[in-house]
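I'd like to ask you about the structure that follows.
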Amino acid sequence: DLNLAARYCDRILLLQAGRPHAFGSPDEVLRAEPLRAVFGLDVLIQRHPERGYPLIVAR
């Protein structure tokens, strides 16, 4: 679950076909472009209103 990863992880490794695609903080990795490239998702990224971590919403 990408939203749980955004909330609880300090670092995220995004794999594509078993190979690293992106590595870094949730803010660095959980962006529209990498998620589209790896998962084929069209997403909207918002900030959590109280805690500030990224929230991923599928379109």
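The values are calculated or read from the model by the stated rules, or taken from the named source; none is laboratory data. All of these numbers come straight from a predicted model, not from anything done at the bench. No Cβ is skipped: glycine too gets one built from the backbone with ideal geometry, and neighbour counts run over all protein chains shown. Accessible surface is based on the protein model in full, side chains and every heavy atom, while ligands, DNA and RNA are left aside. Shrake-Rupley method; radii C 1.70, N 1.55, O 1.52, S 1.80 Å.
Looking at 59, 51, 7, 47 in this structure, which one is touching a residue at least 24 places away in the same chain (Cβ under 8 Å) and more than 11 Å from the chain's Cα centre (by Cα)?
None of the others qualify; the one that does is 51.
Any idea how many residues of the range 45-59 are in contact with a helix residue (DSSP H, G or I) (Cβ under 8 Å, 6 or more places away or on another chain) and part of a strand (DSSP E or B)?
Looking only at that region, the number is 4.
Select from the range 1-40 the residues that are assigned to a strand (DSSP E or B), closer than 20 Å to residue 58 by Cβ and of a type in the set (A, V, I, L, M, F, W, C) and write down the one among them that is most open to solvent (accessible area, probe 1.4 Å).
15
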